[in-house]
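Quick notes on the structure that follows.
The values are calculated or read from the model by the stated rules, or taken from the named source; none is laboratory data. Since we're looking at a predicted model, the values are computed, not measured. We place every Cβ from the backbone using ideal geometry, glycine too, and count neighbours over all the protein chains shown.
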Amino acid sequence: MPFLKKLIQSVRPSRLPEAAPADAYDKWALSYDNQPDNLMLALDEQLCGQLLCNVPVSGKVVADVGCGTGRHWQKLYDQGPARLVGYDVSPGMLRRLRAKYPRAETYLLNGEHLSHLETGGCDLVFSTLTIAHIPDIRAALSEWTRVLKPGGDMIFSDYHPAALARGGQRTFREGERVIAVRNHIYPVPKIRKICRRLGLTEQSIIEKKIDDTMRQYYEKQGALRLFDRFAGVPIIYGLHLKKSNEAE
């Protein structure tokens, strides 16, 4: 139906070409920790604080998938994990993490496999702002479940697929260029369904919509038109799940 196709294209917001996550985050690595007005990072900090508050970390084995520069590592280290392991697709992000935490245990992620973690060897799988970058979410969640102990916890957050579906993109500046990072749209109900089939029981879900409390971030970026376009749209979500004690 050519007319319908043209109509959809006419109302769909223009999008920047999206770069592969490994390449994009290598470029972003040097400035990633210096973003005081980044709304997504601010919201993720709040959301992950809520999800982590009732999950034991002391003496536990924790895997951070998509660890980046280790934004959450200080609060994890402060709780005294027995082992904290980081995985990321970007060598540049891992270099920044190790510059901050020289003894950090990190591995470059190639595909879904979490190397150096045995089956059932992890108490907490933790991942923030990563899900939509993963090409095969079912395979990734299956691998995360594999390394998780029975009774273990899984916590992840990400850019909400509702915002991505409306044309939202993860972008950053490199000099005069604006670079967008490749995302895949995985509806939250689909993710929840995959998790149930993997034997994960949902403990809590948080979804945050763009509202007036976030307006200041758009003002500082000179992007009030974007604020008006996305007001009321879910912008970030987080899930806390637990693996069944009967799981093998």
request  = Could you grab me the full set of residues in the range 40-66 that are assigned to a loop (DSSP other than H, G, I, E, B), touching an Asp or Glu at 6+ places or on another chain (Cβ under 7 Å) and surrounded by fewer than 22 Cβ atoms within 10 Å (Cβ to Cβ)?
outcome  = VAL55, LYS60
message = With surrounded by fewer than 18 Cβ atoms within 10 Å (Cβ to Cβ) and part of a helix (DSSP H, G or I) as the only criterion, which of ARG146, ARG225 stands out?
response = ARG225
task = Looking only at the range 195-219, count how many residues are in contact with a strand residue (DSSP E or B) (Cβ under 9 Å, 6 or more places away or on another chain) and either not in a loop (DSSP other than H, G, I, E, B) or not β-branched (Val, Ile, Thr) (or both).
result = 15
Per-region count, the range 67-109, residues assigned to a loop (DSSP other than H, G, I, E, B) and under 17 Å from the mean Cα position of the chain (by Cα) = 9
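Residues checked against (1) at pLDDT 95 or above; (2) among the acidic types (Asp, Glu):
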position	(1), (2)
PHE126	yes, no
ALA132	yes, no
ASP136	yes, yes
SER142	yes, no
GLY151	yes, no
GLY168	no, no
ARG182	yes, no
task = Give me the pairs, please: first residue somewhere in the range 15-36 and closer than 12 Å to PRO91 by Cβ, second residue anywhere and of a type in the set (Gly, Ala, Ser) and surrounded by 13 or more Cβ atoms within 10 Å (Cβ to Cβ), beta-carbon distance under 6 Å, and either six or more positions apart or on two chains.
result = ALA22/SER90; TYR25/SER90; ASP26/SER90; ASP26/GLY92; ALA29/GLY92
